[in-house]
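Below is one structure, written out as C-alpha cells, with a few remarks after it.
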Amino acid sequence: MKTATAKFDDARISTKYSLVLSRELKNMQIDKAKDLLTGLVERKRNLKRKYFTLTAKKFLEILENAEANAKQKDLNLDRTFVKVAKANKAGKMMFPKSRSKFRGREAKSTNIEIVLEER
C-alpha cells in the first residue's frame with residue numbers, strides 16, 4: 001500500500017473542533033473530503049449545526065498538501081482515501097502580560113496530520 005502524508009504543527013485552531021473534523025474525514029475519499037471542507041468554509045454545509053470555518057480552512061490546506069504529495073508519489077487519486085486524520089493538542093502558546101492583567105493569555109494550538117492511502 002502506498003501512502004502520502006502531510007503535517008502541520010502548532011496550528012492556531014481549536015483542538016476540540018479539530019477532533020470533530022478528523023472523525024468526519026477518516027476513511028473518506030479525497031474528493032468527498034475536499035467537498036465537505038469547502039462546503040464548511042463557504043457555510044453551505046454544517047456539522048452538528050456548526051460550520052468550523054477556521055478549522056476547515058486549515059484542514060483543507062493540509063489535505064491539498066497531502067494530495068500534492070500523493071501526485072508526487074504517483075498515486076491514483078481516484079482510488080485515494082484518507083487513512084488517518086489526526087489532531088493532537090500542541091504546546092501552550094502564551095501571549096505577553098498587559099498592564100491591567102497580572103498574567104498572560106494562553107493561545108490554543110493543535111498538531112494536525114493527514115495520511116492518504118491508495119486502495
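The values are calculated or read from the model by the stated rules, or taken from the named source; none is laboratory data. Model, not experiment: these values are computed from the prediction. Note that each Cβ is placed from the backbone with ideal geometry, even for glycine, and that neighbours are counted across all protein chains shown.
Summed over the stretch 11-41, residues that are among the acidic types (Asp, Glu) and over 14 Å from Phe81 (Cα atoms) total 0. In the stretch 1-23, the residues that are in contact (Cβ under 8 Å) with a residue 40 or more places away in the chain and under 15 Å from Ile62 (Cβ atoms) form Cβ pairs under 7 Å with partners that are in a helix (DSSP H, G or I) and small (Gly, Ala, Ser), at six or more places apart or across chains, as follows: Ala4/Ala66; Ala4/Ala70; Thr5/Ala66; Ala6/Ala66; Leu21/Ala56. A Cβ distance below 8 Å, combined with a sequence gap of six or more or placement on separate chains, defines the contacts here; from the stretch 50-76, residues that are touching a residue at least 24 places away in the same chain (Cβ under 8 Å) and under 9 Å from Ala6 (Cα atoms) reach residues that are β-branched (Val, Ile, Thr) and surrounded by fewer than 20 Cβ atoms within 10 Å (Cβ to Cβ) in the pairs Ala66/Thr5; Ala66/Val115; Asn69/Thr5.
Name the single residue, out of those in the stretch 77-119 being surrounded by fewer than 14 Cβ atoms within 10 Å (Cβ to Cβ) and of a type in the set (A, V, I, L, M), that is modelled with the highest pLDDT. Don't jump to the end; show me each part of the working.
Here is the first cut: in the stretch 77-119, the ones surrounded by fewer than 14 Cβ atoms within 10 Å (Cβ to Cβ) are 77-79, 88-89, 91-107, 119.
Next, only the ones that are of a type in the set (A, V, I, L, M) stay: 77, 93-94, 107.
Values: Leu77: 93, Met93: 81, Met94: 81, Ala107: 86.
Per the criteria, the residue is Leu77.
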